Amino acid sequence: MSRAFGSVLLPRLRQDGLPLAFLLLFTLVFYRQMTLQGLILADYDPFSYFYPMESYFAASVQQGRLPLWNPYLFTGAPFLANLQPGVLYPFNLVFLLFPAPNAYAYSLAFHVFLMSALMYAFARRGLALVPLGALTTALVLAFGGFVSGMAGHINQVHAVAWLPLLFLLVHAAWERPTARIAAAGAVVFALQILAGHSQVVYLSAIMLGAYTGYKFLAAASDSGPDLLRVAGLRSFVARSGATLAVQALGQAQGAGLAAAQQLPTLELIRR
C-alpha cells in the first residue's frame, strides 16, 4: 500500500514541486530589496500608521499585557477593538521578533508567496489547469497590480492571501462534503477576519457566494436527465444540501473563532 501511495505522490511532487519552488524564488527576487538587502518599505501609510501600531503591539505583548488601549493616539483610543493592527492574527507574532519595518517586509513577502502557492493549488485542483497554466495564474494574482498596489496596507495583503484557499475548500466541499472541510474552512475564515481588513472579508464572501452558485449550476448540469427522476432529484438535493451545510457551518464556526476580535470591533463601530 505504501508503494501505491508513493507512486501517486511522486508524480505530483515532480509536477508541482518545481513550480512551487519557482514561486518561492520569484518572491524573494521580486521583493529582494526588502527580503535580501535589508531595506524597508518607504510609504506614507506604513510610516504613519502600521509601523507605529505594530511597534506598540509588539512592545505590549513583550511586557506581558494585551493591548486593549493605545494611550499615544490623540488622548487615547481603543487598540484591540481596532481591526487593522490585527492584534489576534497569529502571523503578526513576527513583529515580536524583528523591528516593525523589517517584520512588515518579511510578512509581506511571506503572504505574497503563500497567496501564490495557494492560488497554484486551487488552479491545479479546482480549475484543473496544467502546471504551466496554474503557475501563470498564480503569478498574475500574486505579482500583478492588484496585490502589488496593496503593499502599503499589510492587513489587506494578509486577508487576501487566504482567498485562494477558501475557493479551494469550496471546491473540495462540492467534491466531498465532510466535517473536516468545515473545520478547515472555519480556521481559514477566522484567519481572514483576524488579518484585519473587513472590506476584503466582505468582498470575499460575495466572490465565494458567486463561486458556490456556479458549482451548484455545474452539479445540476452534470446530473442531467437524472434530475427528472424522483431518486435523482432527491440525491442531488441531499448532496447539495450537505455541501451548503458544510460551507455554512465552516463560516459560522470561523466567525465564532474570531469573536474575540469581532465583538470589540462591533462595539467600537457602534460608538
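The values are calculated or read from the model by the stated rules, or taken from the named source; none is laboratory data. Quantities reported herein were computed from a predicted structural model and do not represent experimental measurements. Ligands, DNA and RNA are stripped out before the accessible areas are found, and what is left, the full protein with its side chains, is counted by its heavy atoms. Shrake-Rupley method; radii C 1.70, N 1.55, O 1.52, S 1.80 Å.
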What is the distance in Å between the Cα centres of segment 157-195 and segment 45-101?
26
With axes computed from alpha carbons, what is the tilt in degrees of helix 163-175 against the longest principal axis of the chain, rounded to the nearest 10 within 0 to 90?
20
Quote the relative contact order of segment 113-252 in percent (integer), defining contacts as alpha-carbon pairs under 8 Å separated by 6+ residues.
26
Accessible surface of the chain [probe 1.4 Å, protein heavy atoms]: carbon and sulfur percent:
69
Three principal axis lengths of segment 21-94 [C-alpha, angstrom, descending]
46, 25, 20
Let me check something: with ligands and nucleic acids excluded, how do Val170, Val29 order by accessible area (1.4 Å probe), largest to smallest?
Val29, Val170
Please compute the contact order of the chain in relative form: average sequence separation of alpha-carbon pairs under 8 Å and at least six residues apart, divided by the residue count, as a percent.
21
Nearest 10 degrees is fine. How inclined is helix 259-270 to the longest principal axis of the chain, computing both from alpha carbons?
70
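Leaving out ligands and nucleic acids, and using a 1.4 Å probe, what accessible area per residue does the chain come to in Å²? Each step should come with its number before you reach the end.
Working: 14670 Å² over 271 residues.
Here the residues of the chain average 54 Å² of exposed surface.
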Over all pairs of different Cα atoms in segment 73-143, the reciprocal of the mean inverse distance gives a Kirkwood radius in Å of 14.4
Given that just one value was derived from the coordinates, which of [x] 104, 45, 33; [y] 69, 45, 37; [z] 150, 49, 27 is Cα extents along the principal axes in Å?
[y]
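When the helices in the chain are scored as -39500 (n - 2.57) per DSSP H run of 4 or longer and the sum is shared across all residues, what 222 nm value do you end up with, to the nearest 500 deg cm²/dmol? Intermediate values should be presented prior to the final figure.
Details: 12 runs with 190 residues, N = 271.
Calculated mean residue ellipticity at 222 nm is -23000 deg cm²/dmol.
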Scalar couplings 3J(HN,Hα) for segment 94-106 by Karplus 6.51 cos²θ - 1.76 cosθ + 1.60 (θ = phi - 60°), nearest whole Hz, x for Gly and Pro, are 4, 6, 7, 9, 9, x, 3, x, 6, 4, 4, 5, 5
Working from Cα positions, state the angle (0 to 90°, nearest 10) between the long axis of helix 2-30 and the longest principal axis of the chain.
40
